[in-house]
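Report on the following structure.
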Amino acid sequence: MEMDCVVCHAPGDYRLEKRPVPEVGDGDILIKVLAVGICAGDAKCYAGAPYFWGDDDHPQYVQPPVIPGHEFFGEVVKLGKGAVEMHGLVVGDHAIAEQIVPCGMCRLCNKGSYNMCVPHDVYGFKQKTQGAMATYMTYIAGSIVHKVPKSIPAWQAAYIEPLACAIHAVELGNIQFNDVVVVSGCGPLGLGMVATAKQKTPVKLIALDLYDWKLDIAKKCGADIILNPNKCDVVEEVMKITGGYGCDVYIEATGHPSSVKQGLKMIIRQGRFVEYSVFGKETSVDWTIISDAKEITIQGGHMSPHCYPKAISMIERGQVPIKDIITHKYPMTDVVKGLEMVNNSANSIKVVLFPNAEDVDK
């Protein structure tokens, strides 16, 4: 039996094709894909970012031809031998797998940091882990799988993965009650960070973005103050708000060099800077400000270890304004339109694709 799918062949070369429905081996779960989000990483891969395709400083990460898509959600169709006992699922359940399938054997897996697993088999980029821009996909043996309540609509469940990433970024910031926290960038991740950071009850939560309509959604997520760098000197404003000290935690979620530089300027001495972005190009800063001037802690963030249950709970409880965050829903056949929409983010936040075109309006 064949299925419809999107196949990544090269930068800018994503094709609609037919492929056989995946076989189900021991421990595997065959999933009917109900919705798949387009990540900024997907869009940058489509655009040819060196992080994915390689250059003098980066080995090639993506393994074409591959079905993209790691922000997915679906219905259990078939379970391989041992999968029922392993995951507690039955046919008809709704389920999500974490975006990485850890090896469970490398040094990083053995210390609990499975998000940094050295083989790094991420759905939608590797041959072993074909992605979700397809009618069906396989959660392969070794996947970390979570059951999702059927009360969560498919188009909302596609936000579980990015929200889990946002939760991880906030956890890395180690936010305290008396902290002033700045989240730079109000895309899908940034808005999830604002909503999650609000639950940490900092003394002040500030959101930055170039678009006022996204800042309005940040207010719905819980931001106390919203600032637009196109309309004011955000460094100056944050210094005023903090009595000249600067913010305690700066979470960078834009992937743009200017946001990195402004964060280093507005952060307090001994502040905590969390970087959670994929950059389209190299970023350079004067590292003196990190060491000699301010003694800043720089914390990178990657994926979402141990955060999916919290993300599922937040969506189920309505703790994020998800109807505002998911701005566009397209049939999977419009994948290129969706990718370009994400790369030109002025008019979108989260874009979701549906393998079954009839599900777009549900």
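The values are calculated or read from the model by the stated rules, or taken from the named source; none is laboratory data. Model, not experiment: these values are computed from the prediction. Cβ placement follows ideal geometry from the backbone for every residue including glycine, while neighbour counts extend to all protein chains displayed. Remember, those area values only see protein heavy atoms, side chains included, never the ligands or the DNA or RNA. Shrake-Rupley method; radii C 1.70, N 1.55, O 1.52, S 1.80 Å.
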Check: Considering amide H positions built from the backbone, and no H for Pro or chain starts, which residues 5 or more places from Gln299, or on another chain, come under 5 Å of its amide H?
Finding: Phe273, Val274, Glu275
Checklist line | Euclidean distance of C-alpha centroids, region 143-183 and region 16-91, integer Å | finding: 20 Å
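Counting DSSP beta bridges with both partners in the chain, what percentage is antiparallel, nearest 5?
Working: 32 of 58 bridges.
The answer is about 55 percent antiparallel.
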Notebook entry, point to check: What pairs from Lys323/Lys362; Lys128/Lys150; Lys261/Lys294 go past 18 Å between their alpha carbons?
Noted result: Lys128/Lys150
Check: Averaged over all directions, how much area does the convex hull of the C-alpha atoms of region 319-362 cover when projected, in nm²?
Finding: 3.3 nm²
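Report D for region 181-237 in µm² per second (integer): Stokes-Einstein, Kirkwood Rh on Cα pairs, 37 °C, 0.692 mPa s. Intermediate results must be reported in sequence, preceding the final value.
Numbers: Rh = 10.8 Å.
Estimated via Stokes-Einstein, D reaches 303 µm²/s.
What accessible area per residue comes out for region 1-152, rounded to a whole number of Å², with a 1.4 Å probe? List each step's numbers first, then the result.
Working: 6510 Å² over 152 residues.
In whole numbers, region 1-152 has 43 Å² accessible per residue.
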Checklist line | With 5 Å bins from 0: P(r) over region 32-177, alpha-carbon pairs, percent | finding: 2, 9, 16, 20, 21, 17, 9, 4, 1, 0
Next item on the list: Largest first and to the nearest Å, give the Cα extent of region 143-279 along each principal axis.
Entry: 49, 29, 27
Item checked: Measure of compaction for region 17-68 (Cα Rg per 2.2 N^0.38 Å) -> 1.48
Checklist line | Amide proton proximity set for Tyr136, modelled H, under 5 Å, gap of 5+ | finding: Val33
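Using the Cα centre of region 200-338 as the reference point, and only Cβ charges (+1 on K/R, -1 on D/E), how large is the resulting charge dipole? Debye, rounded to the nearest 20.
On the way: 18 positive and 17 negative charges, 82 e Å.
It comes to approximately 400 debye.
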Next item on the list: Please name which of Ala132, Tyr250, Thr196 has its Cα lying farthest along the dipole of the chain towards the positive end, using unit charges on Cβ (Lys, Arg +1; Asp, Glu -1) and the Cα centre as origin.
Entry: Thr196
Check: For the chain, what is the charge dipole size about the Cα centre, in debye to the nearest 20, if Lys and Arg each add +1 at the Cβ and Asp and Glu each add -1 at the Cβ?
Finding: 660 debye
Check: Measuring from the lowest to the highest alpha carbon on each principal axis, how far does region 256-345 reach, largest first, in angstroms?
Finding: 51, 32, 22
Notebook entry, point to check: Say the dipole of region 81-237 comes from +1 at the beta carbon of Lys and Arg and -1 at that of Asp and Glu; which of Phe177, Asn228, Met86 then lies farthest toward its positive end?
Noted result: Met86
Check: Once phi is turned into θ = phi - 60°, what whole-Hz ³J(HN,Hα) does the Karplus curve with 6.51, -1.76 and 1.60 give for every residue of region 318-332, x standing for Gly and Pro?
Finding: x, 8, 9, x, 5, 5, 7, 6, 7, 8, 9, 10, 10, x, 4
Checklist line | Rg(Cα) / (2.2 N^0.38 Å) computed for the chain, rounded to two decimals | finding: 0.98
Margin query: In Å and on Cα atoms, what radius of gyration and Dmax does region 277-330 show?
Written below: 17.9, 50
Check: Along the positive direction of the dipole of region 309-362 (beta-carbon charges: Lys, Arg +1; Asp, Glu -1; about the Cα centre), which of Ala311, Val351, Met341 reaches farthest?
Finding: Ala311
Notebook entry, point to check: Taking all protein chains as present, what is the carbon and sulfur share of the accessible area of the chain, in % to the nearest whole number, probe 1.4 Å?
Noted result: 51 percent
Next item on the list: Give me the angle, in degrees from 0 to 90, between the Cα long axis of helix 188-199 and the longest principal axis of the Cα atoms of the chain, rounded to the nearest 10.
Entry: 60 degrees
